[in-house]
Amino acid sequence: MSHHRKKAKEKKNRKVAAKTVSIQKAKNAGTTVAAMRDVTKGAKEQKGQNVIKAADEKNAKNAKSAKNVNTSQTAATTKNKKNTPKKYTFFQQIYRTLCYIGLKVQFKTYNSRRRVRRFFRPVAGTVASFLRHSVTQPVIGAFREFGAICSELRGISAGAADNARNAEKRSVRQVLALHKGFVAGVFNILLPILCIGVLLGVTLSITRSPHSLEVTCNGKVLGYIEDESVYNDALFLLRQRMPSSSEDYRSTFTPSYTVAAVSKSMNMSAETLCEAILADSQNVDNAYGLYIDGELCAAAKSYGDIQFIMQTFLDQYKTGTPGESVSFTGQTEIISGLFASDKIVSSQNFAKTISTKRTETQFYTVNDGDTAQSIANVANMSYERLLELNKSLTDTPQAGTSVLLEKELPVLSVQNVRTVTVKESIPFSKKTVKDDKQYTTYSKCVTQGQNGVREVMQQITEVNGVQVSCEVLSSTVVKAPVDAVYVVGTKKASKVGSGSFTWPVPGVRSISSPYGYRWGRLHRGIDISTSGIYGRTVVAADSGTVTVKNSAGGYGLHIIITHGNSYSTCYAHLSAVSVKSGQVVAKGQAIGKVGNSGHSTGPHLHFEIRKNNVANNPMNYF
């Protein structure tokens with residue numbers, strides 16, 4: 001590809017050089033014509049010829065020099081281009097690399113294929129020769145031989161009608177004798193194939209045909225069973241139907257088994273085999289047995305009595321709820337058959353039997369804190385029975401120990417499933433609204449809460465009269481609850497009072513004894529009293545820190561509030577306090593109740609205002 005490009009460029013350069021020479025000649029020719037026009041018509045002819053000749057020589061010289069210059073320039077340009085390496089872009093480099101790799105792969109693949117063909121050519125020739133001589137030619141020969149025999153036999157069948165049968169026999173014998181080798185070969189091939197087919201057919205017939213066990217007991221064939229487990233199940237049923245006193249009688253049943261090829265429809269079930277065993281027994285009778293989870297509970301002669309007793313047993317667990325479902329929890333089945341006479345009871349005894357309880361044992365894992373007595377209480381057992389079952393059990397067993405427990409369960413368990421609709425109360429919630437103008441001790445209910453009501457549809461499941469589950473099917477709110485709203489203060493009380501005081505007993509302004517001297521000594525405060533004042537609320541006259549004191553005489557139960565600004569107040573003869581020492585209270589906050597404690601002549605509040613621990617007349621501040 002690069003060679004063709006070089007040739008095209010050289011050709012183009014030659015064309016450019018030739019075009020340049022032509023243009024130069026044209027310019028020179030134009031110059032000569034102009035010079036001739038400048039010569040006057042009156043010049044001499046010789047002079048004109050000399051001028052023309054000189055001009056021609058000059059033009060030829062210029063053209064030659066221009067050609068040489070162009071040729072040298074073209075050659076130099078071509079040489080420079082040839083010496084300058086060509087630059088490729090990134091994608092061109094990738095393309096050139098991939099092309100190179102592709103050519104290499106193609107070359108290697110071609111060589112590998114050629115080597116493989118060269119290696120396997122002798123093997124393929126050998127295999128083809130073997131197939132041609134060992135398979136193809138014998139098969140073609142056999143078909144030709146078979147075709148010849150068929151043609152000859154067709155010719156024989158088309159013979160004369162008279163004495164045709166004898167002629168046919170002779171001819172067939174002759175034909176077979178003529179092709180004796182072919183007939184013998186076919187016989188040698190088909191006979192082994194036929195034998196193998198017969199052997200396979202017999203084997204498949206034996207393996208696929210059903211086989212059963214023929215059960216023989218005490219010299220008598222009882223029947224056919226699928227496997228030995230059927231007989232074991234029959235013995236289990238037999239033990240249930242036979243009385244417990246007939247253990248020796250049951251031990252005489254020692255079966256023997258023989259493999260027999262019989263149809264599966266002849267196999268007996270465990271119940272049928274049990275019936276066959278009991279058929280030859282004594283002291284058995286036809287009856288109906290009630291089986292609970294596969295075990296015989298009781299048997300009776302009348303099927304109707306059993307049905308009536310069981311229905312009566314179910315009815316006692318009905319509640320009268322519409323749509324309720326009452327059923328036995330276990331799998332109950334009534335089976336008719338032969339039962340030992342000792343197992344058949346009367347209808348009254350049948351009802352008593354299914355109403356009794358059975359004992360079931362289970363293991364309990366001791367947890368931390370369990371005692372023997374607590375375990376017995378939970379299991380509804382006596383403490384003595386628990387120790388009887390667990391000889392090594394101590395009063396404080398170790399956690400993780402397994403303890404054997406007994407649990408009494410009814411022989412028949414009844415499940416009652418019913419759907420009921422009940423009304424439930426929806427408790428209201430409490431919401432608080434903060435008020436930054438009230439102190440933190442302030443709380444007031446502005447909206448009373450009310451419980452809501454909802455109707456709930458439940459599916460209740462009881463077993464033996466004890467509820468075991470309660471599933472909520474739907475819930476509808478009949479009345480929505482009303483939330484209680486409380487306004488609470490967020491303003492924190494200050495330890496330093498304002499210096500102004502509020503009246504300590506709101507609503508009671510009467511003073512029974514003012515500040516001043518009485519009975520020969522100074523009364524340091526005022527007594528606030530009126531009819532029915534006992535138990536009235538006492539509030540703090542100003543904010544400050546509480547100190548609660550109690551003395552048998554004197555002020556009795558009283559409170560001193562230090563206001564932190566040289567003032568303090570005293571509230572004496574209280575019946576109760578609602579604050580504690582060290583608590584910071586706000587102005588107007590409830591601190592106690594008016595009482596009659598200490599040295600008092602009647603229910604009243606003794607109130608003092610002190611400045612620098614000196615009592616002042618409280619009325620000077622109101």
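Data overview
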item: Residue within segment 500-517 that is among the hydroxyl-bearing types (S, T, Y), under 60 Å from the mean Cα position of the chain (by Cα) and open to solvent by 60 Å² or more (accessible area, probe 1.4 Å) present; result: no
item: Single unsatisfied condition, C470 versus (1) more than 60 Å from the chain's Cα centre (by Cα); (2) at pLDDT 90 or above; result: (1)
item: Some residue of segment 571-589 being more than 25 Å from K492 (Cα to Cα), of a type outside the set (G, A, S) and at pLDDT 90 or above; result: yes
item: Any chance R170 is under 53 Å from the mean Cα position of the chain (by Cα), open to solvent by 100 Å² or more (accessible area, probe 1.4 Å) and modelled with pLDDT under 75; result: no
item: Any pair with Cβ under 7 angstrom, 6 or more apart, that starts in segment 316-327 at a residue that is under 10 Å from V420 (Cα atoms) and among the acidic types (D, E) and ends at one that is at pLDDT 90 or above and not in a loop (DSSP other than H, G, I, E, B); result: E324/N416; E324/V417; E324/R418
item: Among the candidates T440, T396, residue that is farther than 30 Å from E324 by Cβ and within 43 Å of the chain's Cα centre (by Cα); result: T396
item: Pairs where the first residue, in segment 483-507, is of a type in the set (D, E) and the second is in a loop (DSSP other than H, G, I, E, B) and open to solvent by 30 Å² or more (accessible area, probe 1.4 Å), C-beta under 9 Å, 6+ apart; result: D483/F428; D483/S429
item: Positions within segment 538-570 being of a type in the set (D, E, K, R) and open to solvent by 40 Å² or more (accessible area, probe 1.4 Å), in sequence order; result: K549
item: Looking only at segment 282-324, and only at residues there that are more than 52 Å from the chain's Cα centre (by Cα) and crowded, with 17+ Cβ neighbours inside 10 Å, the one that is nearest to S346 (Cα to Cα); result: A287
item: Among (1) in contact (Cβ under 8 Å) with a residue 60 or more places away in the chain; (2) open to solvent by 30 Å² or more (accessible area, probe 1.4 Å), the one test that A340 misses; result: (2)
item: Matching residues, segment 440-465, being modelled with pLDDT under 85 and assigned to a strand (DSSP E or B); result: S443
item: Test for V477: is it open to solvent by 60 Å² or more (accessible area, probe 1.4 Å) and either outside any loop (DSSP other than H, G, I, E, B) or among the aromatic types (F, W, Y) (or both); result: yes
item: Search result, residues across segment 359-377 that are surrounded by fewer than 10 Cβ atoms within 10 Å (Cβ to Cβ) and either touching a Phe, Trp or Tyr at 6+ places or on another chain (Cβ under 9 Å) or hydrophobic (A, V, I, L, M, F, W, C) (or both); result: F363
item: Subset tally (residues that are modelled with pLDDT of 75 or more, more than 28 Å from M310 (Cβ to Cβ) and of a type in the set (S, T, N, Q)) for segment 266-296; result: 1
item: Tally of residues being among the small types (G, A, S) and within 16 Å of G289 (Cβ to Cβ) across segment 303-357; result: 9
item: Residues of segment 522-537 satisfying the condition of being under 14 Å from V508 (Cα atoms) and either open to solvent by less than 40 Å² (accessible area, probe 1.4 Å) or part of a loop (DSSP other than H, G, I, E, B) (or both); result: I526, D527, I528, S529, T530, S531, G532, I533, Y534, G535, R536
item: Selected residue (only one of G554, G592, G588 is out of contact with any Lys or Arg (no Cβ under 8 Å at 6 or more places or on another chain), in a loop (DSSP other than H, G, I, E, B) and closer than 19 Å to V505 by Cα); result: G588
item: Residue match in segment 413-422 (condition: among the charged types (D, E, K, R) and either under 20 Å from T356 (Cα atoms) or open to solvent by 50 Å² or more (accessible area, probe 1.4 Å) (or both)); result: no
item: Looking only at segment 571-599, and only at residues there that are surrounded by 18 or more Cβ atoms within 10 Å (Cβ to Cβ) and hydroxyl-bearing (S, T, Y), the one that is nearest to the chain's Cα centre (by Cα); result: Y571
item: Failed item, numbered, when G159 is tested on (1) open to solvent by less than 80 Å² (accessible area, probe 1.4 Å); (2) at pLDDT below 70; (3) within 60 Å of the chain's Cα centre (by Cα); result: (3)
item: Only one of G489, G525, G497 that is modelled with pLDDT of 90 or more, touching an Asp or Glu at 6+ places or on another chain (Cβ under 7 Å) and farther than 14 Å from V594 by Cα; result: G525
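The values are calculated or read from the model by the stated rules, or taken from the named source; none is laboratory data. Since we're looking at a predicted model, the values are computed, not measured. Positions of Cβ are generated from backbone atoms using ideal geometry, with glycine treated the same way; all protein chains shown enter the neighbour counts. Note: areas computed on protein heavy atoms with side chains; ligands, DNA, RNA excluded. Shrake-Rupley method; radii C 1.70, N 1.55, O 1.52, S 1.80 Å.
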